[in-house]
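See structure below.
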Amino acid sequence: MLADFSPFAIIATSLAGVKTIQKLDIENTEIWVPESLQELRGTRVYRESLKSHLANLWQYHRAFIFCLATGAVVRLIAPLLQNKSIDPAVVVVDESGKFSISLCSGHQGGGDNLARLIATQIPDCLPIIMGSANNLDLPGIDILGVPFGWNRGEGDWTGVSAVAACGGKIQVIQEVGSKLWQNHLPDSHPFDFDESNNSQGQIFITASSPLIPLPLSSSSLPSVYWHPKVLWVGIGCERGVSQKLISTAITEIFKQSSLSEAAIAGIATIDLKCDEVGLLEFCQHRNLLLLTYSAEVLQTVAVPNPSNAVESEVGTPSVAEAAALLAQKQDREEGHLIVPKQIFRLSGELGAVTVAVAQGKQEYIGSNGKILLVGMGPGSLLQMTPAARGAISVVDVVIGYGLYIDLITPILRPGQIIETLPISHERERANRAIELAEWGLNIAVVSSGDCGIYGMGGLVLEELKNRGWDGKVPEIQVFPGLTALQAAAARVGTPLMHDFCAISLSDLLTPWELIEKRLEAAALGDFVVALYNPRSQNRTQQLIIARDIFLKYRNRNTPVALVKSAYREDEQIILTTIEKLLPSSVNMLTTLLIGNQSTYMYENWMITPRGYSGFKNI
Ligand code: SAH
């Protein structure tokens, strides 16, 4: 999903370059080209020099994709670069599409991910990512908290990253925020989660601000501060208070309590204040969420400092404390008040502001999550669609059955959260994905084959429906994959060719009578049939019954293929007939293909003819 990097600009200066870039999924983005390439579809011509054209585009785009010499790109962007926290991502693709180079703003600008995504969309393209974190299979120190919406605070970011790059130990002092990022680190990771004497750097993950301003800190270790957004600021105020008063009140109270304003998740107040100009200006200026509650709701909250005066004025004994407590609860797990209400005035400013701060258990991410339902194909990465590869490479979390995750390990990205659940826990897996997406993370739910054929796709949509989903948030995208019947067929010839159907013999979720009815109907209708889930340790009879049903309607010499683990290392293929079919050579990793009346074997190739001309009983 290149669209996730919007707005991005693409510049190509040669015909070959344009052709390469057109392989990307860039529906509505035109490629900037020089006048010499004017005639090409999907391109737009720049008429001034590329240098001045780029200068015009620079500040309006999050990312740039260049298809021209790396040296030329370096010279072009050099005068425009400012610093890595604000520069756009820059990726260079060579004309023939062999390399996708993350040139600049690889971490904070997302350039590394963009280069990875581009590489999945151009056949045989290799992403070139030079950052040392990537090579150590680690999440970058400066992007560790990005999926969770954490804010970067003060610190020596280069210093701490350098410690990781040199193999040194980094002590992690995590007081708040999700620990999911710790779950899938490589064995050789540099992080020390306990008290440590020999660490050479420190990461604080906290709602507090550094006790001593960092450059003056007595500790000689380089350290950095990440601030998960866990603090909800409750505000009560008199009519007409200024933005300045609100802002100064919060800054002062945070300073007194050693809290960091970067850890603010949002502001909460009474609904009477939803048009309070100073408050609205403050929230807009700081890009903070404003939650409002009615007096009826606020008065139900037990607070340490209720006030009769407030109650007689607005109908609830507490605004600031009650609103802060209600707001932090929106993540469902209950936090607590950490700064009881304080009334703040400023000489020269009209009125007073009351501030209270509550801390939530879970950080507020502040973005809408997505669930990508991804079919990974039968096993080999070569049989996976580039779109599915791209989807897996960009998400924050990958959820799937352990075996499938093992198969896709080479395309997982450092720092991704990987969650596996045992095979019989599909519904839990679906619910876990939904919870994480509702929180704000981007998830890929991976199924083998196609996710919509006996896969996780249906379960996720069903569970969403059960929760009253509005069809939009979390956003769902489906990435199809090669299903087992296609994979199995391709290994033995062209057995499907004509009308065919799939039947699962698993009666865990479907009554056996219905399965039997479908087997009868398929056999009667002379469909080529693919049997999924044919046999497990505890389900051995179903296949025998199925075989007997087919024997009633089809010639006993009808070809049958047993394809086990197609496109995986332990692939096994047995070609047999309905009569000679040995159930013991079938297991849960097998797909059975049963031919129709016209299917035949030729030199070990299973062939179903294209037309009906050979059909006997019409
Ligand atoms: N969503 C999957 C099907 C999952 S049901 C798909 O579209 O392929 C599980 C069944 O699929 C297995 O019992 C087996 O019958 C079949 N299957 C899955 N992967 C297979 C493979 N690589 N080779 C043969 N059969 C496979």
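Here are the numbers:
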quantity	calculated
Those residues of region 263-296 which are under 13 Å from Gly234 (Cβ atoms) and of a type outside the set (A, V, I, L, M, F, W, C), in sequence order	Gly266, Thr269, Lys273, Thr292, Tyr293
Filtered residues of region 362-381 (kept if in contact (Cβ under 8 Å) with a residue 60 or more places away in the chain, within 16 Å of the ligand (Cβ to nearest atom) and surrounded by fewer than 24 Cβ atoms within 10 Å (Cβ to Cβ))	Ser380
Verdict on Asp406 being among the acidic types (Asp, Glu), out of contact with any His (no Cβ under 9 Å at 6 or more places or on another chain) and closer than 25 Å to Val146 by Cα	no
Residue match in region 101-117 (condition: surrounded by 19 or more Cβ atoms within 10 Å (Cβ to Cβ) and more than 27 Å from Gly17 (Cβ to Cβ))	no
Sole residue being in a loop (DSSP other than H, G, I, E, B), within 16 Å of the ligand (Cβ to nearest atom) and not charged (D, E, K, R), chosen from Ser536, Ser598	Ser536
Only one of Leu543, Leu508 that is under 22 Å from Ser424 (Cα atoms), within 13 Å of the ligand (Cβ to nearest atom) and part of a helix (DSSP H, G or I)	Leu543
Which listed residue is free of Cβ contacts under 8 Å to residues at least 40 places away in the same chain and of a type outside the set (Val, Ile, Thr), from Arg62, Arg47	Arg47
Any pair with Cβ under 6 angstrom, 6 or more apart, that starts in region 25-41 at a residue that is crowded, with 17+ Cβ neighbours inside 10 Å and ends at one that is part of a loop (DSSP other than H, G, I, E, B)	Trp32/Tyr46; Pro34/Thr13
All positions within region 460-495 that are assigned to a strand (DSSP E or B) and either within 19 Å of Gly400 (Cβ to Cβ) or within 16 Å of the ligand (Cβ to nearest atom) (or both)	Ile476, Gln477, Val478, Phe479, Gly493
Unmet criterion (only one of (1) under 19 Å from Gly177 (Cα atoms); (2) over 34 Å from the mean Cα position of the chain (by Cα)) for Ala265	(2)
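Throughout, read-outs are computed from the coordinates displayed, never taken from laboratory work. All values derive from a computational prediction rather than experimental measurement. Every residue, glycine among them, receives a Cβ derived from its backbone with ideal geometry; neighbour counts consider all protein chains shown.
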